[in-house]
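Some notes on the structure that comes next.
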Amino acid sequence: MQQTPSTNMINLTYLIYGLHLFSAISGVLTSAFVVTAFLSGWPSILAVILNYIQRDETRGTYLESHFLWQIRTFWYALLWLIVGGVLVVTIIGIPLALIIVVVVGLWVLYRMLRGLARLMDGEPMPVP
């Protein structure tokens, strides 16, 4: 049986989604790519730090899946950005690297918006 999360933790989860989205959307509105803004923007870095600091407070609630969703999004986006960076080193890989960066940026936006929508409905994220 799942515990009911506190209102403070629900609000914190909204704040964390907001911080991640602020970073990602700044990549759309500026010359930066979504994924690079998401990973290097101070709001997103602060958000992932909050995820780790407050993670224990979400254990046994549906927010635990949201925290895992946010953390995994951050680290998988970083992994794919590194793959794209390695491809840029090879002249042949530059077009593929650009495709990876754009696709991962869209993926980040999708995951943050989907997570926010499920949080608004009070539902957990589908994480393994």
Item to check | Sole residue being basic (Lys, Arg) and touching an Asp or Glu at 6+ places or on another chain (Cβ under 9 Å), chosen from ARG114, ARG72, ARG55, ARG59 | outcome: ARG55
Checklist outcome for this item: (1) open to solvent by less than 20 Å² (accessible area, probe 1.4 Å); (2) assigned to a loop (DSSP other than H, G, I, E, B) all hold for HIS20 apart from (2)
Checklist entry - Restricting attention to the stretch 91-104, does a residue exist that is open to solvent by less than 20 Å² (accessible area, probe 1.4 Å), assigned to a helix (DSSP H, G or I) and closer than 20 Å to MET125 by Cα? => result yes
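Taking the stretch 107-126, which residues are touching a helix residue (DSSP H, G or I) at 6+ places or on another chain (Cβ under 7 Å) and either under 22 Å from ILE45 (Cα atoms) or assigned to a helix (DSSP H, G or I) (or both)?
Taking the stretch 107-126 first, the residues touching a helix residue (DSSP H, G or I) at 6+ places or on another chain (Cβ under 7 Å) are 108-109, 111-112, 115-116, 119, 124-125.
Matches in the stretch 107-126: VAL108, LEU109, ARG111, MET112, GLY115, LEU116, LEU119, MET125.
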Next on the checklist: All but one of (1) part of a helix (DSSP H, G or I); (2) open to solvent by less than 30 Å² (accessible area, probe 1.4 Å) hold for PRO5; state the number of the condition that does not hold.
Outcome noted: (1)
Item to check | Residue within the stretch 35-50 that is surrounded by 19 or more Cβ atoms within 10 Å (Cβ to Cβ) and aromatic (Phe, Trp, Tyr) present | outcome: yes
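Table: residues versus (1) open to solvent by 10 Å² or more (accessible area, probe 1.4 Å); (2) under 17 Å from MET112 (Cα atoms); (3) outside any loop (DSSP other than H, G, I, E, B).
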position	(1), (2), (3)
ASP56	yes, no, yes
GLY60	yes, no, no
GLN70	no, yes, yes
THR73	no, yes, yes
TYR76	yes, yes, yes
VAL83	yes, no, yes
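Is there a residue in the stretch 108-115 that is more than 28 Å from GLN2 (Cβ to Cβ) and either open to solvent by 80 Å² or more (accessible area, probe 1.4 Å) or at pLDDT below 95 (or both)?
From the stretch 108-115, those more than 28 Å from GLN2 (Cβ to Cβ) are 109; that's our starting set.
With either open to solvent by 80 Å² or more (accessible area, probe 1.4 Å) or at pLDDT below 95 (or both) added as a condition, the list becomes 109.
Yes, the conditions are met somewhere in the stretch 108-115.
The values are calculated or read from the model by the stated rules, or taken from the named source; none is laboratory data. All values reported here derive from a predicted model rather than from experimental measurement. Please note: Cβ atoms are built from the backbone with ideal geometry, for glycine as well, and neighbour counts cover all protein chains shown. The protein model used for the area step is the full one, side chains on, heavy atoms only, and it has no ligands, DNA or RNA in it. Shrake-Rupley method; radii C 1.70, N 1.55, O 1.52, S 1.80 Å.
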